[in-house]
Every structure is written in C-alpha cells, then in structure tokens.
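Presented below is the structure to which this report refers.
The values are calculated or read from the model by the stated rules, or taken from the named source; none is laboratory data. Everything quoted here is computed from the prediction, not taken from an experiment. So basically every Cβ, Gly included, is an ideal-geometry build from the backbone, and we count neighbours across all protein chains shown. Note: areas computed on protein heavy atoms with side chains; ligands, DNA, RNA excluded. Shrake-Rupley method; radii C 1.70, N 1.55, O 1.52, S 1.80 Å.
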Amino acid sequence: MVKILMHGCNGKMGRIITELVKNDENAEIVAGVDTYTQVPNDYPVFDSLDKCNVEADVVVDFSTAAAMDALLDYCAAKKVPVVLCSTGLSQEQLEKVKETSEKTAVLKSANMSLGINLLLKLLQNAAKVLAPAGYDIELVEKHHNQKLDAPSGTALALADSINEALGGEYHYVYDRSQVRQKRDKKEIGISALRGGTIVGEHEVLFAGTDEVIEFKHTAYSRSVFGKGAIEAAKFLAGKEPGMYDMSDVIQL
Ligand SMILES: NC(=O)c1ccc[n+]([C@@H]2O[C@H](COP(=O)([O-])OP(=O)(O)OC[C@H]3O[C@@H](n4cnc5c(N)ncnc54)[C@H](O)[C@@H]3O)[C@@H](O)[C@H]2O)c1
C-alpha cells in the first residue's frame, strides 16, 4: 500500500485524486496540505507543509507554481519522492527541481494522462517516416473558454517530441494571418481554439499528397490526469534520487 501526501488536496485535481484513491486497493492518502482547509476530508489536512507531521512514501502535487519552492525544500529535506504536476514553473524553479532530484526522486510531467504520453512516443515514429517523405505537420488543440495560456503546454510538448525526432530542425508557426506566403516544409503549424467546457483535445495531422494521417487525443474529464498521477506515485515510491517522467511509468 503506497502512502500518499496530497499537496493541493482541496483543489479540483486534489479532490479528484481523493475520490479515485478511495477505490484503489494499492494506494492511500495519509495526509493533505492545502492553504484552503474548508473541505471535509477523511485524512488530516494541514495548511502548510511545516505543520505536517505525517510520514508518507510519496508526495503528489497539484497546487500552484507559487508553492513550489517550499514543496521542493520539504521533499529534499525529508528525502520523500515527489510527483510534480503543477504547471507554469519559472526557469529558476525548473533549476531547483533539478537540484532537488539529486536528493530525492522527482517525476515531472505537464500532462499526466496515459494517452497523451503514449501519443508522444507514437508521434516520434510517425514523424520519422512521414516528414522525410514530404508530409506537412499541423497541430490543432482545443480547450475550454477559461484557459489562459495558448497554445497549451501539452501542444508544445507534442510539437517538441516531433521536432526532437526530426533532429530539432523544425520551427513552430502560431499565426498565418500576418504573412502572405506558402508554408515552409520545416514548420509545424500550431493552432489553438477556445470555447465552452472542452476539457482538452489535441490533434496532429501529417498531410501528404492525396493522403492525411491524423492522431487525436480527447480528454473527456480531468480524472485521466488523476489516474496517471496515482500510477506515477506508485511507480515513484521507493525509487532512487533522479529525474523521472511519464515515459518511465508507461513501459512500451
Ligand atoms: N500535469 C497535469 O496533467 C495537470 C493536469 C491538470 C492540472 N495541472 C496543474 O495542476 C495545478 C493544480 O490544478 P487544479 O486544477 O487542481 O487547480 P486548483 O486551483 O483547483 O487547485 C490548486 C489547489 O492548491 C492549493 N494551494 C495554493 N497554494 C498552496 C500552497 N502554498 N500549498 C498547498 N496548497 C496550495 C489551492 O488552495 C487549491 O486548493 C495547476 O498548476 C494546473 O495547471 C496539471
């Protein structure tokens, strides 16, 4: 049974994970930390990490970038592995994540879903075959109307994965309205749509002559991220210090 400390336990993702873990025989939340404490929980909740006196095998974090420094200090001092899911970390914080990974195991991923992480791998294979054969690569992502950033971090991660497989020679184009010219062969077009309550759609098109191959991932609820985070926590508990990502969890 893996004992989880849920950091950001009363947020949207924290609550989803709390419900998922209730039905998981191999995991248990032993404590939560959240600055907002007005949610009834079956486990003790502390309003700061300093006050938390419960031992855990692993921390799962879905909080905010502002909470990162204190969290990383805590995990390094306690030598407790951490699954970092909060997004929007600064360059300095990313450096601190690396330093922390010298003292304890850190798994960081901008998208915890199994499907997206599988797609990251599949796209590399497709790109290696299709790009040299002259196929154009376009990416379309759709999200709800409350999302602030565009394109999504996941869209960029998909494009980076493709670009890495192609030797880093491609550049990204986000807006075609300002320049009247044909697309370059070595570009990946990235388009972002915003509306309603769309949880998250990512579609990658390889468009060739008389043929289009499409890869599409649709998230219907946020629980896909929660499930991935719990699997990551089970994987990371007891691991040696170092940086890990979801590709270590998903064995292909
Ligand atoms: N990696 C992924 O797959 C993935 C998926 C969904 C969301 N996210 C990211 O996870 C984070 C949380 O998402 P959410 O939708 O649950 O947000 P949310 O705003 O609903 O929840 C965040 C929670 O963190 C708490 N919090 C704030 N400061 C804190 C602190 N100093 N210590 C402890 N808790 C603190 C808040 O009170 C809140 O309850 C965001 O950065 C989001 O972008 C990542």
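Please go through the range 136-165 and give me each residue that is among the acidic types (Asp, Glu) and in a strand (DSSP E or B), ordered by number. Residues satisfying the conditions are 136, 138, 141. Checking each residue in the range 50-85 for being part of a loop (DSSP other than H, G, I, E, B) and not aliphatic (A, V, I, L, M) picks out 52, 53, 55, 57, 62, 63, 64, 79, 81, 85.
Of the residues 228, 238, the single one that is in a loop (DSSP other than H, G, I, E, B), assigned by TED's automatic domain parsing to the domain that holds residue 9 and within 27 Å of residue 11 (Cα to Cα) is 238.
Identify all residues within the range 6-36 that are within 15 Å of the ligand (Cβ to nearest atom), open to solvent by less than 90 Å² (accessible area, probe 1.4 Å) and either more than 22 Å from the chain's Cα centre (by Cα) or outside the structural domain of residue 81 (by TED's automatic domain parsing) (or both); write none if there are none. Correct list: 31 only. Applying a threshold of 6 Å to beta carbon distances and a minimum spacing of six or more residues, or different chains, the list of pairs starting in the range 122-146 at a residue that is outside the structural domain of residue 156 (by TED's automatic domain parsing) and ending at one that is open to solvent by less than 40 Å² (accessible area, probe 1.4 Å) is empty. Residues in the range 97-114 that are within 13 Å of the ligand (Cβ to nearest atom) and surrounded by fewer than 21 Cβ atoms within 10 Å (Cβ to Cβ): 110, 114. Taking the range 56-95 as the range and being under 25 Å from residue 154 (Cβ atoms), away from the ligand (no atom under 13 Å from the Cβ) and either open to solvent by 50 Å² or more (accessible area, probe 1.4 Å) or assigned by TED's automatic domain parsing to the domain that holds residue 151 (or both) as the test, the residues that pass are 91, 92, 94, 95. Among the residues of the range 232-252, the ones that are surrounded by 13 or more Cβ atoms within 10 Å (Cβ to Cβ) and modelled with pLDDT of 95 or more come to 11 in all. The residue that is modelled with the lowest pLDDT, counting only those in the range 39-50 that are open to solvent by 60 Å² or more (accessible area, probe 1.4 Å) and within 11 Å of the ligand (Cβ to nearest atom), is 50.
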